[in-house]
1. Return the residues of the range 118-128 that are in contact with a strand residue (DSSP E or B) (Cβ under 8 Å, 6 or more places away or on another chain) and away from the ligand (no atom under 12 Å from the Cβ); say none if nothing qualifies.
2. Surrounded by 15 or more Cβ atoms within 10 Å (Cβ to Cβ) and under 22 Å from residue 116 (Cα atoms): which single residue out of 226, 219, 258, 183 fits that description?
3. State the number of residues belonging to the range 7-41 that are within 21 Å of residue 62 (Cβ to Cβ) and outside any loop (DSSP other than H, G, I, E, B).
4. Name the residues in the range 238-256 that are in contact (Cβ under 8 Å) with a residue 24 or more places away in the chain and either within 22 Å of residue 148 (Cα to Cα) or in a strand (DSSP E or B) (or both), would you?
5. The conditions are (1) within 19 Å of the chain's Cα centre (by Cα); (2) modelled with pLDDT of 95 or more, and residue 149 fails exactly one of them. Which is it?
6. Out of 163, 170, I need the residue that is buried (at least 24 other Cβ atoms within 10 Å of the Cβ) and either in contact with a strand residue (DSSP E or B) (Cβ under 8 Å, 6 or more places away or on another chain) or assigned to a loop (DSSP other than H, G, I, E, B) (or both). Which one?
7. Could you list, in sequence order, the residues of the range 69-100 that are more than 13 Å from the ligand (Cβ to nearest atom), crowded, with 23+ Cβ neighbours inside 10 Å and within 22 Å of residue 14 (Cα to Cα)?
Ligand SMILES: NC(=O)c1ccc[n+]([C@@H]2O[C@H](COP(=O)([O-])OP(=O)(O)OC[C@H]3O[C@@H](n4cnc5c(N)ncnc54)[C@H](OP(=O)(O)O)[C@@H]3O)[C@@H](O)[C@H]2O)c1
């Protein structure tokens with residue numbers, strides 16, 4: 001990965017941080033997108049200590065509003081003339097409904113809309129650096145999800161798990177739809193399940209630590225599939241697939257429905273336009 005530039009969102013903790021470690025160890029320059037500059041700097045220092053000579057750059061960005069994600073797109077373009085790999089990893093789970101300054105439900109906004117804006121905004125840079133790769137950290141939780149087009153923001157009824165599974169299904173649908181829209185062999189896009197990983201998202205949000213521990217793998221283990229998708233030569237030209245344990249896997253039936261994917265794309269771009277341009 002020497003000479004390659006990789007961007008990882010949510011790079012200060014959990015799977016994202018270990019993905020940044022792995023890519024830095026392979027010699028890539030890693031742009032670490034972190035919400036909080038203090039936590040980002042602490043992670044940067046820790047990675048630099050673990051990987052001597054690591055080429056790391058910190059970018060502070062909160063991905064909860066479309067305007068902030070668009071500002072991140074501009075900042076990345078200002079800092080680099082090429083981008084070889086984009087790993088969209090940042091994500092949240094909220095047991096209670098929260099909203100962003102845009103007035104959107106936070107899980108939907110951070111887990112789905114932010115990658116939608118970031119990836120589509122950076123496509124020019126990725127295409128200019130072809131062959132390049134987009135890696136979307138989704139989840140096997142998507143098998144339990146459905147896209148509720150009549151209540152996307154969970155205004156009528158909220159459940160943390162429901163909102164999370166919907167957002168992870170949206171990740172897989174987005175990756176599939178983008179792969180369909182991109183010319184073959186230029187920019188590839190794949191999504192993945194990292195495993196059940198002992199991170200703050202899982203242990204503070206979804207399952208109490210005492211119940212989760214026997215089933216969890218470490219963040220370093222959880223980072224193996226994103227690192228594989230970002231770097232393996234076996235995957236040259238492979239696009240629109242879903243992976244777990246560094247192996248291809250069949251996603252859910254809804255995740256492979258092109259009509260649902262196209263509809264979600266349209267709804268998402270309309271929402272972004274409303275939020276960023278006041279249309
Ligand atoms: N853990 C699992 O078992 C599991 C299983 C399947 C899929 N996943 C997926 O893996 C990804 C990483 O999760 P994780 O388990 O590693 O959790 P984590 O340790 O909680 O890390 C989440 C990362 O996302 C960042 N983030 C959250 N909200 C953000 C925002 N508004 N703007 C910018 N960054 C934000 C966090 O920043 P802060 O540190 O500042 O909060 C953190 O860096 C998520 O997409 C998750 O859905 C996890």
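1. Within the range 118-128, 119, 122, 123, 126, 127 qualify.
2. Step by step, each of 226, 219, 258, 183 is checked, and only 226 is surrounded by 15 or more Cβ atoms within 10 Å (Cβ to Cβ) and under 22 Å from residue 116 (Cα atoms).
3. Counting residues in the range 7-41 that are within 21 Å of residue 62 (Cβ to Cβ) and outside any loop (DSSP other than H, G, I, E, B) gives 19.
4. 242, 243, 244, 249, 251, 252, 254, 255, 256
5. The single condition residue 149 does not satisfy is (1).
6. Criteria check complete, one pass: 163.
7. Within the range 69-100, 85, 86 meet the criteria.
Condition check ((1) in contact with a helix residue (DSSP H, G or I) (Cβ under 9 Å, 6 or more places away or on another chain); (2) modelled with pLDDT under 95; (3) on the phi < 0 side of the Ramachandran plot) across all residues:
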residue: 7; (1), (2), (3): yes, no, yes
residue: 11; (1), (2), (3): yes, no, yes
residue: 14; (1), (2), (3): yes, no, no
residue: 19; (1), (2), (3): yes, no, yes
residue: 32; (1), (2), (3): yes, no, yes
residue: 39; (1), (2), (3): no, no, yes
residue: 43; (1), (2), (3): yes, no, yes
residue: 54; (1), (2), (3): yes, no, yes
residue: 72; (1), (2), (3): yes, no, yes
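The values are calculated or read from the model by the stated rules, or taken from the named source; none is laboratory data. Nothing here was measured: the structure is a model prediction, and the numbers come from that model. Don't worry about glycine lacking a Cβ; one is built from the backbone with ideal geometry, like all the others, and counts go over all protein chains shown.
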